[in-house]
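K.L.:
Okay, here's the structure, questions in a sec.
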Amino acid sequence: MSNDNKSYYITTPIYYVNDVPHIGHAYTSLACDVMARFKRLDGYDVHFLTGTDEHGQKVETSAEKKGVDPKTFTDEVSQSFRDLLGVMNFSNDDFIRTTEERHHKSCQAIWERLIERGEIYLGSYAGWYAVRDEAFYTEKEVTKDEKGDMRGPMGVEVAWVEEPSYFFKLSAWGDRLLELYDSQPDFILPKSRRNEVISFVKGGLHDLSVSRTTFNWGVPVPGDDKHIMYVWLDALTNYITAVGFPDESKDSYQKFWPADLHMVGKDILRFHAVYWPAFLMAAELPLPKRVFAHGWWTNEGQKISKSVGNVIDPHKLIEDYGLDQTRYFLMREVPFGNDGDFAHEAMVTRMNSDLANALGNLCQRGLSMIAKNCEGKIPVPGELSDEDRTLQDSVDALLEDVRGELEVQGFSRALERIWQSVSAANVYVDDQAPWALRKTDLKRMETVLYVLTGVYRKLALILQPYMPDSTSSILELLAVDESARSFESWNYVMESGTELPKPAGVFPRYAGPEA
Ligand code: ME8
């Protein structure tokens with residue numbers, strides 16, 4: 001059958017190439033990267049997909065504005081999304097572009113399946129269309145603004161469109177969708193968003209226009225190339241293209257479809273939680289297991305937009321604060337699913353308090369004492385005290401606790417839990433005061449330092465998905481071999497006598513102008 005329980009397929013949305021990548025795109029892909037890295041460390045065979053959505057009226061118009069043909073334009077902007085992967089240290093396994101041959105083939109195949117099953121018919125569309133969202137809106141969803149222009153939900157400009165069009169029989173799938181949400185309560189997360197989708201579907205579904213004739217930049221409809229496929233049917237299909245569709249016998253398709261998780265922003269939940277499962281059910285293909293819709297980032301309280309000129313460039317964040325600091329902040333600051341605000345001050349606080357002070361100092365304190373007082377070798381412990389065991393237990397439980405949180409994409413709750421152990425370890429160091437023991441009880445000092453090395457190792461192991469570079473530095477300082485960094489090695493014990501490299505700080509304090 002398709003998925004054995006040790007495979008994990010996770011996807012980001014494929015991003016429109018009408019714009020350069022910003023913090024919002026980086027955020028969704030980062031959440032997927034953390035998930036993918038965690039699952040790999042936890043023994044899963046992971047397929048992590050991202051890519052670019054290159055067809056549609058919006059992209060065609062952006063290319064025209066720049067005075068270049070759409071192919072040249074998409075090649076250029078798609079590359080900037082590809083560049084971001086390296087900059088953010090994302091570990092994707094594939095990058096799909098909807099302009100690729102493999103994708104055209106897959107789109108045409110799903111179209112043919114829908115035609116064969118009588119799910120698509122030819123008609124004509126007359127209604128409102130928003131190029132910005134590439135979405136159709138009903139009369140009920142549009143309003144007139146003060147200038148007399150028509151606007152869709154959230155103020156998006158809409159235009160009246162009348163053209164011949166193929167329709168997908170979405171109206172027939174309402175009950176089946178409600179059954180799906182009911183029988184798989186975790187199909188849509190978080191819960192609040194699930195409720196929104198359920199009321200939308202309960203409100204009644206209309207058949208969906210799935211082809212356009214007034215422009216050319218898209219996948220031609222098989223057998224009727226005056227039409228190109230609606231960009232959302234084309235775009236959503238990327239998730240099956242990438243694992244080999246239409247070749248359902250292919251290993252990658254067998255192994256990875258259905259996907260475990262489609263990660264999206266709340267703006268595109270309807271497409272993923274209503275249209276996509278309806279297309280798949282109609283085409284008699286298996287459904288993904290979950291769609292998670294996260295919240296929206298603002299910049300210092302303001303909506304991020306090119307016209308306001310406050311787009312946050314991930315390259316700039318990394319330059320100002322550091323890569324892992326940026327990754328940590330984005331995953332920690334906002335409970336995943338909620339909207340979040342980027343504020344310089346909050347970023348500096350996280351960087352200094354959580355990373356430099358709490359975690360950085362914790363590691364530095366023990367490691368520099370080992371360098372100075374134990375000939376730079378992991379000491380031999382004496383008998384463990386209750387305090388030692390209490391700290392060890394808190395840290396041991398991290399793997400199960402974090403696993404449980406990440407199972408429901410609780411990225412920031414998982415970090416809160418990890419920092420409970422970081423704080424407990426700092427309290428332990430303060431209480432045990434190994435620097436005082438140096439003068440009174442050397443064996444006890446060695447025991448405390450030994451316990452700390454084990455704590456550092458587990459903290460670094462569990463934090464790898466969030467901060468791959470910094471945790472790798474900590475693991476180097478602990479002489480943990482690269483082959484012993486997966487969760488399979490969770491219970492290994494630190495070997496006394498192991499020589500450690502000279503300690504070095506891993507988390508710098510913010511050194512910018514407002515430090
Ligand atoms: O919608 N805060 O592409 P898109 C958080 N091509 N996330 C944000 C964000 C913000 N301010 N801005 C963007 C499309 N995002 C389609 C998808 S999928 C088959 C096709 C993220 O380039 C968030 O994930 O407009 C959002 O859903 C996505 O970028 C929209 O990217």
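K.L.:
For segment 30-100, with equal point scatterers placed on the C-alpha atoms only and solvent neglected, what are the log10 I(q)/I(0) values from the Debye formula at q = 0.13, 0.20, 0.25 1/Å, to two decimals?
P.N.:
Scattering profile of segment 30-100, log10 relative to I(0): -0.47, -0.83, -1.05.
K.L.:
While we're on this one: Calculate the spin-label point distance for Asp386 paired with Ser80, positioning each point 7 Å from the Cα along the beta-carbon direction, and give it in nanometres.
P.N.:
6.1
K.L.:
For segment 197-289, would you read off the P(r) tail past 20 Å as a percentage of all alpha carbon pairs?
P.N.:
45
K.L.:
Follow-up. Give, in nm to one decimal, the length gained when the segment between Ala371 and Glu141 is fully stretched (0.36 nm per residue of separation minus the Cα-Cα distance). Intermediate values should be presented prior to the final figure.
P.N.:
On the way: separation 230, 0.36 × 230 = 82.80 nm, distance 6.71 nm.
So the chain would gain 76.1 nm between Ala371 and Glu141.
K.L.:
From the backbone phi of segment 148-157, what are the Karplus-calculated ³J(HN,Hα) couplings (6.51 cos²θ - 1.76 cosθ + 1.60, θ = phi - 60°) in whole Hz, Gly and Pro given as x?
P.N.:
Running phi through 6.51 cos²θ - 1.76 cosθ + 1.60 with θ = phi - 60° gives x, 7, 8, 10, x, x, 6, x, 6, 5 Hz.
K.L.:
How large is the dipole of segment 467-514 about the Cα centre if only Lys and Arg carry +1 and Asp and Glu carry -1, each at its Cβ, rounded to the nearest 20 debye?
P.N.:
Dipole size: approximately 180 debye.
K.L.:
Separate question: Can you give the angle from 0 to 90° between the axis of helix 57-66 and the longest principal axis of the chain, with both taken from C-alpha atoms, to the nearest 10?
P.N.:
Tilt relative to the chain: about 80 degrees.
K.L.:
Give me the Kirkwood hydrodynamic radius of segment 128-258, using the inverse of the mean 1/r over all pairs of distinct Cα atoms, in Å to one decimal.
P.N.:
On the way: mean 1/r = 0.0576 Å⁻¹.
Hydrodynamic radius (Kirkwood, Cα pairs) of segment 128-258 is 17.4 Å.
K.L.:
Under the rule of at least 5 residues apart or a separate chain, name every residue whose amide H is placed under 5 Å from the amide H of Arg97.
P.N.:
Excluding prolines and chain starts, which carry no amide H, the hits are Thr52.
K.L.:
Then there is this: Each label point is 7 Å from the Cα along the Cα-to-Cβ direction; what then is the distance between the points at His344 and Lys202, in nm?
P.N.:
Those two pseudo-labels are separated by 4.7 nm.
K.L.:
Here is a follow-up. What do you reckon, how do Lys65, Lys39, Lys202 stack up by accessible area (1.4 Å probe), largest on top?
P.N.:
These residues rank, largest area first, as Lys65, Lys202, Lys39.
K.L.:
In degrees from 0 to 90, rounded to the nearest 10, what is the angle of the helix 386-396 Cα long axis to the longest principal axis of the chain?
P.N.:
The helix 386-396 is inclined about 20 degrees to the chain.
K.L.:
Counting only protein heavy atoms and using a 1.4 Å probe, what share of the accessible area of the chain belongs to carbon plus sulfur, as a whole percent?
P.N.:
Of the solvent-accessible surface of the chain, carbon and sulfur hold 49 percent.
K.L.:
Please turn the phi angles of segment 98-112 into ³J(HN,Hα) values with the Karplus equation 6.51 cos²θ - 1.76 cosθ + 1.60 (θ = phi - 60°), one per residue in order, whole Hz, x for glycine and proline.
P.N.:
Each residue of segment 98-112 in turn: 6, 7, 6, 4, 4, 7, 4, 4, 5, 5, 5, 5, 5, 4, 4 Hz.
K.L.:
Now a separate question. Provide the three semi-axes, in whole Å and in decreasing order, of the ellipsoid equivalent to segment 237-354 as defined by the square roots of 5 times the Cα gyration tensor eigenvalues.
P.N.:
Semi-axes (√(5λ), whole Å): 36, 17, 13.
K.L.:
Using 0.36 nm times the number of residues separating Thr72 and Arg403, minus their current alpha carbon distance, what extension gain do you get?
P.N.:
That pair, Thr72 and Arg403, stretches by 114.8 nm at full extension.
K.L.:
Quick check: convex hull of the Cα atoms in segment 430-488, volume per residue, rounded to a whole Å³? Could the numbers behind the result be given before it?
P.N.:
Details: hull volume 5.9 nm³, N = 59.
Per residue, the Cα convex hull of segment 430-488 comes to 100 Å³.
K.L.:
In addition: For segment 255-295, list residues with backbone N below 16 Å from a point placed 7 Å from the Cα of Val156 toward its Cβ?
P.N.:
264-276
K.L.:
What is the mean projected area of the alpha carbon convex hull for segment 277-345, to one decimal in square nanometres?
P.N.:
The number I arrive at for segment 277-345 is 7.0 nm².
K.L.:
Would you mind checking which residues have amide H under 5 Å from Gly382's amide H? H placed 1.01 Å from N; only 5 or more apart, or other chain.
P.N.:
Here the answer is Thr447, since their amide H atoms fall under 5 Å of that of Gly382.
K.L.:
Can you give the Rg to Rh ratio of segment 363-515, both from alpha-carbon atoms, with Rh computed by the Kirkwood formula? If you can, show how the numbers build up before the last one.
P.N.:
Working: Rg = 15.6 Å, Rh = 16.1 Å.
Value, to two decimals: 0.97.
K.L.:
Whole Å is fine, so just give me how far the alpha carbon centre of segment 62-110 lies from that of segment 208-223.
P.N.:
19
K.L.:
Further question on the same structure: Taking only DSSP H segments of four or more residues, each worth -39500 (n - 2.57), what value at 222 nm results for the chain once the sum is divided by all its residues, to the nearest 500 deg cm²/dmol? Intermediate values should be presented prior to the final figure.
P.N.:
Numbers: 20 runs with 228 residues, N = 515.
Helix contribution divided over all residues of the chain: -13500 deg cm²/dmol.
K.L.:
Something else now. Per residue of segment 286-300, in order, report the coupling 6.51 cos²θ - 1.76 cosθ + 1.60 (Karplus, θ = phi - 60°) as ³J(HN,Hα) in whole Hz, putting x for Gly and Pro.
P.N.:
3J(HN,Hα) across segment 286-300, in whole Hz: x, 8, x, 8, 7, 10, 10, 10, 8, x, 10, 8, 10, 10, 6.
K.L.:
Out of residues 5 or more away from Gly337 or on other chains, whose amide H comes under 5 Å of its own, with H placed 1.01 Å from N in the peptide plane?
P.N.:
Gly295
K.L.:
Further question: Could you work out the equivalent-ellipsoid semi-axes for segment 386-451, taking the square root of 5 times each eigenvalue of the Cα gyration tensor, largest first, in whole Å? Don't skip to the end; give the middle numbers.
P.N.:
Numbers: eigenvalues 185, 22, 9 Å².
Semi-axes, largest first: 30, 11, 7 Å.
K.L.:
Report the percentage of all Cα-Cα pairs in the chain whose separation exceeds 37 Å, rounded to a whole percent.
P.N.:
37
K.L.:
If R₀ is 60 angstrom, what is the calculated FRET efficiency for the pair Glu476 and Glu116, using the beta carbon separation as r and rounding to 0.05?
P.N.:
0.55
K.L.:
Across bins of 10 angstrom width beginning at 0, how are the C-alpha pair distances of segment 308-381 distributed, in whole percent?
P.N.:
Answer for segment 308-381: a P(r) of 16, 37, 22, 16, 8, 1, 0 percent.
K.L.:
Also: Quote to one decimal, in nm, the extra length available between Asp469 and Asn361 on full extension: 0.36 nm per residue of separation minus the C-alpha distance between them.
P.N.:
Stretched fully, the Asp469-Asn361 segment lengthens by 37.1 nm.
K.L.:
Also, I was wondering about something else. What GluC sites (Glu not before Pro) does segment 364-400 have in DSSP loop regions with at most 12 other beta carbons within 10 Å?
P.N.:
Glu375, Glu383
K.L.:
I would also like to ask the following. Kindly provide the GluC sites (Glu not before Pro) of segment 189-288 that DSSP labels as loop, not H, G, I, E or B, and whose Cβ sees at most 11 other Cβ atoms within 10 Å. Mind dumping the intermediate values first?
P.N.:
Working: sites: Glu196, Glu248, Glu284; in loops: Glu248, Glu284.
Sparse-neighbourhood loop GluC sites (Glu not before Pro): Glu284.
K.L.:
Can you compute the modelled spin-label distance between Glu100 and Leu178, with each label point 7 Å from Cα toward Cβ, in nm?
P.N.:
For Glu100 paired with Leu178, the spin-label model returns 4.0 nm.
K.L.:
In Å², what does the accessible area per residue of the chain work out to with a 1.4 Å probe?
P.N.:
Value for the chain: 42 Å² per residue.
K.L.:
Right, another one. Over the C-alpha atoms of segment 198-250, what are the Rg and the largest Cα-to-Cα span, Dmax, in Å?
P.N.:
Every Cα atom of segment 198-250 included, Rg and Dmax give 14.4, 39 Å.
K.L.:
Could you check how many percent of all C-alpha pairs in segment 364-415 are farther apart than 13 Å?
P.N.:
Summing the P(r) of segment 364-415 above 13 Å gives 71 percent of all pairs.
K.L.:
Right, something else. Give the calculated FRET efficiency between Lys65 and Trp419 to the nearest 0.05, with a Förster radius of 60 Å applied to their Cβ-Cβ distance.
P.N.:
Here the calculated transfer efficiency is 0.80.
K.L.:
Separate question: Which of Lys71/Lys316; Lys169/Lys226; Lys140/Lys306 have a Cα-Cα distance over 23 Å?
P.N.:
Cα-Cα > 23 Å for Lys71/Lys316; Lys140/Lys306; rest within.
The values are calculated or read from the model by the stated rules, or taken from the named source; none is laboratory data. This one's a predicted model, so the numbers in the text were calculated from it and none came from an experiment. FYI the Cβ positions are ideal-geometry reconstructions off the backbone, even for glycines, and counts take in every protein chain you see. The protein model used for the area step is the full one, side chains on, heavy atoms only, and it has no ligands, DNA or RNA in it. Shrake-Rupley method; radii C 1.70, N 1.55, O 1.52, S 1.80 Å.
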